[in-house]
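First comes the structure, then the notes that go with it.
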Amino acid sequence: MKKRISFIFLALVLVVSLVAFAACKEEEAPPTTPTTPTTPTKPTEPEPEPEPAWEWPELLAVLAPPVGSLGYGTMVGWTALLQEDTGMQVRCVPVGSGMENYKNLKEGRFFWYLNASSQVAGLMEGVGGYATRDLGPYQIRTIWPSYISGTAFMVRGDSDIRTPQDIKPGTKISYMVGTPMGKMPLDALVAWSGVDPDDIVWIPYTGFWDSLAMVAEGTVDITWTYPTAPSVFEAAAAPRGIGWIDLDWQADPEGAARFSEVWPTIGFGVNNLGAPGSVGLNTIIVITIHYTIAESDPELVYRICKWLGENFDSYQDLSDTLQFHHIDSVMKMVETDFIPAHEGLVRYLTEIGRWTPAHEARNQQNIEVITRYVEAYQSAITMAAEQQIEVSPKNEEWIELWENYKKELNLPPFKMLIGLD
């Protein structure tokens, strides 16, 4: 019993000692050092999302010259390669010359229209059939040249007419109806000849190539055409063949000046492509251009121009005329044409270092002139409404009002320019 009490006493002492030891350890524990508060960090800005990759549209509808023409063959060649590279379908709709094409372009149904500057001048000045409510001048722009070629006046192979001076009263000359440009070249030729236009036998036609058969049959003596067209090669193979009128502007500068007064949007030069007899001929030189509206998507125009510039070596051998898609032809276009370059083309030329302050000044000058015409035309339409004058190319009152208003505002005629100076 005594041993048991001793054992219990020792156990109690041991417990008390352990509790006291633990308390001492707790007192001796060093105080914890307070942590220094950290400066809150600014939230990191999210990295900008990468721009989405450029995607070509699924379909691009464009107006092309008639099947069988030089322009159609040229366009089909390079657009086929563009389709293959981009996956975009380019639908080339062949059409003849006419006012409806410019209406379709203006209203955005087609992305571009391939035509010559001389045709666009008639539209911008609102002459002839273009003097309607739906047409007249509007903001049109250049994208890229198609080709530089000669246009010429064709006669039958056995004809005695070989110079403008050979034209006499009673000469039968054909012209295309439905477009001011259908007759202007022939009026200019007659002006060169010095014959009174009233003494010419004028014969209209409607189909783009109808006049070739009229010359072959002897129905007319002279027509205006493109020496490079396959249809002209076919006419040359006919039994009597074809001939050409030589426009030697150096031998007869006064006659050439009369011609240019009627048709100021062309230049003279030596033709280097076309049917027999036309190569080496002194004739009219024209730059045929892809035109679009100012509102066309700048990014798409830029991408097309960039593709054309960077892939020239890939497509230039598809056609003899594709040599004129070279960047040097582009620069010739923007330096001599009176229609402004589209901002998408300007962006590309700036990117490759070819666009200078002088080019920009010329472009702004061209935009200013077109803008003056656009504003004047709309004002003239308002004036016509106030005077109850019908706006129609067949209404002489309207034509007189518009022509007088142009003179009153001193609007300059459109014409090709020699260069940036």
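The values are calculated or read from the model by the stated rules, or taken from the named source; none is laboratory data. Since the model is a prediction, treat every value here as computed from it, not as a measurement. Cβ sites come from the backbone with ideal geometry, for glycine too, and all protein chains shown count toward neighbours.
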Which ones in region 367-410 are outside any helix (DSSP H, G or I), under 27 Å from ARG141 (Cα atoms) and either touching a residue at least 40 places away in the same chain (Cβ under 8 Å) or in contact with a Leu (Cβ under 9 Å, 6 or more places away or on another chain) (or both)? VAL391, SER392, PRO393
Residues satisfying the stated conditions in region 316-334, i.e. among the polar types (S, T, N, Q) and in contact with a Gly (Cβ under 6 Å, 6 or more places away or on another chain): SER319
Only residues that are surrounded by fewer than 17 Cβ atoms within 10 Å (Cβ to Cβ) and more than 25 Å from ALA235 (Cα to Cα): list them for region 65-88, please. ALA80, LEU81, GLN83, GLU84, ASP85, GLY87
Checked ARG91, ARG141 against criteria (crowded, with 23+ Cβ neighbours inside 10 Å and either at pLDDT 95 or above or not assigned by TED's automatic domain parsing to the domain that holds LEU401 (or both)); the one match is ARG141
Yes/no for SER193 being assigned by TED's automatic domain parsing to the domain that holds TYR226, within 24 Å of ASN101 (Cα to Cα) and polar (S, T, N, Q): no
Given the criterion touching a strand residue (DSSP E or B) at 6+ places or on another chain (Cβ under 6 Å) and closer than 28 Å to GLU310 by Cα, identify the matching residue among PHE153, PHE110. PHE110
Across region 249-258, the tally of residues that are buried (at least 16 other Cβ atoms within 10 Å of the Cβ), assigned to a loop (DSSP other than H, G, I, E, B) and not aromatic (Phe, Trp, Tyr) stands at 1
Region 255-269 residues that are farther than 19 Å from ALA116 by Cβ, paired with ones that are assigned to a helix (DSSP H, G or I) and not hydrophobic (A, V, I, L, M, F, W, C) (beta carbon under 7 Å, 6 or more apart): GLY255/PRO164
Tell me, which residue of region 355-380 that is of a type in the set (A, V, I, L, M, F, W, C) and in contact with a Phe, Trp or Tyr (Cβ under 9 Å, 6 or more places away or on another chain) is nearest to MET333 (Cα to Cα)? TRP355
Would you point out the residue of region 212-238, among those that are closer than 29 Å to PRO253 by Cβ and of a type in the set (Ser, Thr, Tyr), that is surrounded by the most Cβ atoms within 10 Å (Cβ to Cβ)? THR223
Could you list all residues from region 156-203 that are over 21 Å from ALA256 (Cβ atoms), touching a strand residue (DSSP E or B) at 6+ places or on another chain (Cβ under 6 Å) and of a type in the set (Lys, Arg)? LYS172
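Residue-wise test of (1) of a type in the set (Asp, Glu); (2) in the same structural domain as PRO340 (by TED's automatic domain parsing).
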site: SER379; (1), (2): no, yes
site: GLN387; (1), (2): no, yes
site: GLU396; (1), (2): yes, yes
site: GLU400; (1), (2): yes, yes
site: MET416; (1), (2): no, no
site: GLY419; (1), (2): no, no
